[in-house]
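The values are calculated or read from the model by the stated rules, or taken from the named source; none is laboratory data. Bear in mind the structure is a predicted one, so any value in this text is a computation, not a measurement. Glycine also receives a Cβ, built like all others from the backbone with ideal geometry; neighbour counts cover every protein chain displayed.
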Number of protein chains: 2
Amino acid sequence: MSTGTLYLVPAPLDFGCEEQAPLQDALPLGTLQKAAGITHWICENAKSARAYLKRIDAVVPLAAPLQLQQIQELPREVHKKGDHAGQFDARPLLAAALEGHAVGLLSEAGMPAVADPGSSVARAAHDLGISVVPLTGPVSLLLALAASGLNGQNFAFVGYLPQDADARTQRIRELETLALRTGQTQLFIETPYRNATLRQALTSTLQHNTRLAVARGLTLDSADVQSRTVKAWRSAPAPTDDRLPAVFAIGR
Amino acid sequence: MSTGTLYLVPAPLDFGCEEQAPLQDALPLGTLQKAAGITHWICENAKSARAYLKRIDAVVPLAAPLQLQQIQELPREVHKKGDHAGQFDARPLLAAALEGHAVGLLSEAGMPAVADPGSSVARAAHDLGISVVPLTGPVSLLLALAASGLNGQNFAFVGYLPQDADARTQRIRELETLALRTGQTQLFIETPYRNATLRQALTSTLQHNTRLAVARGLTLDSADVQSRTVKAWRSAPAPTDDRLPAVFAIGR
């Protein structure tokens, strides 16, 4: 009996959105076929994993019915503290892979382990000698970067900015200094209900000539990417729907 | 007559490889359908753009035959100096978009404007009020990061390392210090024929406990991602085919 494989299975970016995009708009048939053959899963949330599997089944029939799929959730400590901050050991989650099964790793939206939990599972797989195969799908950060017109040959993703207003202002200044000095585009995200607050903090803190890009609702019909200098942002109309998932990028 | 749209069209990652992957393994049908409808292109290289269009045509028939497609190449100065280093003005390339046409931006492999030329075209589109829509496809950097087991909540892509041995050693130390101090995973790439040299420089320069991941031939059948401590790399066998496109990542 040979060791199985850990597949990193991307999910659509419409999680939590009113609007759903057809699955094949942003997921390759190859990814859906591979996912449909998997019967063992590690995910952020079992309910959304089942909802996604149901959508896959409508395109490529699943190898096993939903109620027979083995679905394990990542513990809450990983969601909260991150994959490598605590003492979390993901190896027990991979028992099925050691027995020869293909195991899928899923996050709520986009690529697992990128701006989302899951890297502890990939690391545990490497430690156990299990092959790790990433499948192609949408990654909001990279779609946003490509569409921003900012430097894509040197960039960083730094997660969330602080919620406290003073700490946020300081962090924005720090990231701007880095971006202007080195040319490294700085990407970050925010929970949708704080998008407007962050945009206002950015346009009031950043320098006139710094470029700010905001990409919202990527892969949806309502997708919208705006990129201009901070000076131009100050006189631009506010977006009509500020609750879409957004990616922010600053650079020179 | 309304303004057209600039679509960022991802290409497969098998450019320059002996092995070709089926197009639908890593490209969503939605991307191929959108691309098949486009008749005006801006690309790195017209010959490879035509070869890719021919592959698309076999899945979704093109709206116009190959010989009627309007294909413009990015000037060599952009390939060499980067998009924003010189005085290059991409706006004239977008004349067709101003006339209402959909225009596609293509690079040789993966996502245009990410680790590849093209961001000057996206920027020019924003400046001209042309919508910029990124389509989903494979991005080797992100597939590598997800599969590496390294921190995906804070990461940077820094392009190529210096070719000079001393400068490369210094840069490796600098990136390692940053990665260990901040937890920010550092990603970089190399032209395939220098993969072995870079891997040797990394394993001899980095500290014992630093983690190094090398992802090769992503999306191909021969894809292979290895991730372990530098100490473990020193006793690991060398890869059998060292000429596959590779992404390198270091972190803690």
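The set of residues from region B:16-56 being charged (D, E, K, R), without any contact (Cβ under 8 Å) to a residue 24 or more places away in the chain and under 14 Å from B:G104 (Cβ atoms) comprises just one member, B:R50.
Among the residues of region A:86-109, the one identified as among the small types (G, A, S), surrounded by fewer than 17 Cβ atoms within 10 Å (Cβ to Cβ) and touching a helix residue (DSSP H, G or I) at 6+ places or on another chain (Cβ under 9 Å) is A:G86. The set of residues in region B:138-175 that are more than 14 Å from every other protein chain (Cβ to nearest Cβ) and part of a helix (DSSP H, G or I) comprises B:A165, B:D166, B:A167, B:R168, B:T169, B:Q170, B:I172, B:R173. Just one of the listed residues (A:R252, A:R228) is within 14 Å of chain B (Cβ to nearest Cβ), among the basic types (K, R) and closer than 26 Å to B:A249 by Cβ, and it is A:R252.
Scan region A:189-204 and tell me whether some residue there is under 16 Å from the mean Cα position of the chain (by Cα), within 13 Å of chain B (Cβ to nearest Cβ) and closer than 30 Å to A:Q87 by Cα.
Looking only at region A:189-204, we keep the residues that are under 16 Å from the mean Cα position of the chain (by Cα), and these are A:189-192.
Among the residues that remain, those that are also within 13 Å of chain B (Cβ to nearest Cβ) are: A:189.
This time we only want the ones that are closer than 30 Å to A:Q87 by Cα, so: A:189.
Taking every residue of region A:189-204 in turn, at least one turns out to be under 16 Å from the mean Cα position of the chain (by Cα), within 13 Å of chain B (Cβ to nearest Cβ) and closer than 30 Å to A:Q87 by Cα.
A count restricted to region A:86-110 and to residues that are under 19 Å from B:G251 (Cα atoms) and of a type in the set (A, V, I, L, M, F, W, C) stands at 2. Does region B:34-54 contain at least one residue that is over 28 Å from B:Y193 (Cβ atoms), hydroxyl-bearing (S, T, Y) and either surrounded by 18 or more Cβ atoms within 10 Å (Cβ to Cβ) or touching a strand residue (DSSP E or B) at 6+ places or on another chain (Cβ under 7 Å) (or both)? Yes: region B:34-54 contains one or more residues that are over 28 Å from B:Y193 (Cβ atoms), hydroxyl-bearing (S, T, Y) and either surrounded by 18 or more Cβ atoms within 10 Å (Cβ to Cβ) or touching a strand residue (DSSP E or B) at 6+ places or on another chain (Cβ under 7 Å) (or both).
Only one of the numbered conditions (1) surrounded by fewer than 19 Cβ atoms within 10 Å (Cβ to Cβ); (2) closer than 18 Å to A:D127 by Cβ; (3) under 17 Å from the mean Cα position of the chain (by Cα) is not met by A:Y7, and that is (1).
Among the residues of region A:154-176, those identified as surrounded by 21 or more Cβ atoms within 10 Å (Cβ to Cβ) and touching a Ser or Thr at 6+ places or on another chain (Cβ under 9 Å) are A:F155, A:A156, A:I172, A:E176. On the basis of being more than 7 Å from chain B (Cβ to nearest Cβ) and either hydroxyl-bearing (S, T, Y) or in contact with a Cys (Cβ under 7 Å, 6 or more places away or on another chain) (or both), does A:S131 make the cut? Yes.
Tell me which residues, restricted to region A:234-252, are surrounded by fewer than 15 Cβ atoms within 10 Å (Cβ to Cβ) and either under 26 Å from A:G183 (Cβ atoms) or of a type in the set (S, T, N, Q) (or both).
A:R234, A:S235, A:A236, A:T240
When you look at A:G100, is it touching a residue at least 12 places away in the same chain (Cβ under 8 Å) and at positive phi, yes or no? Against the criterion (touching a residue at least 12 places away in the same chain (Cβ under 8 Å) and at positive phi), A:G100 qualifies.
Taking region A:181-196, which residues are closer than 22 Å to B:Y160 by Cβ, in a helix (DSSP H, G or I) and not polar (S, T, N, Q)?
A:R181
Scanning region B:211-232 for residues that are crowded, with 20+ Cβ neighbours inside 10 Å and in contact with a helix residue (DSSP H, G or I) (Cβ under 7 Å, 6 or more places away or on another chain) gives B:L212, B:A213, B:V214, B:A215, B:L218, B:T219, B:V225, B:S227. Considering the conditions (1) crowded, with 18+ Cβ neighbours inside 10 Å; (2) more than 29 Å from B:A223 (Cβ to Cβ); (3) in contact with a helix residue (DSSP H, G or I) (Cβ under 6 Å, 6 or more places away or on another chain), B:E73 is excluded by exactly one of them, (1). Taking only region B:205-225 into account, find how many residues are assigned to a loop (DSSP other than H, G, I, E, B) and either more than 14 Å from chain A (Cβ to nearest Cβ) or closer than 23 Å to B:A109 by Cα (or both). Matching residues across region B:205-225 total 10.
Among the helices (runs of 4 or more DSSP H) confined to region A:1-116, the ones with at least 3 residues that are among the charged types (D, E, K, R) are located at A:46-57, A:76-81. The residue list B:L93, B:L106 contains one member that is at pLDDT 95 or above, within 13 Å of B:L8 (Cβ to Cβ) and within 14 Å of chain A (Cβ to nearest Cβ), which is B:L106.
Within 30 Å of A:R211 (Cα to Cα), within 12 Å of another protein chain (Cβ to nearest Cβ) and not β-branched (V, I, T), is that true of A:A115? Considered against the rule, which asks whether it is within 30 Å of A:R211 (Cα to Cα), within 12 Å of another protein chain (Cβ to nearest Cβ) and not β-branched (V, I, T), A:A115 comes out as yes.
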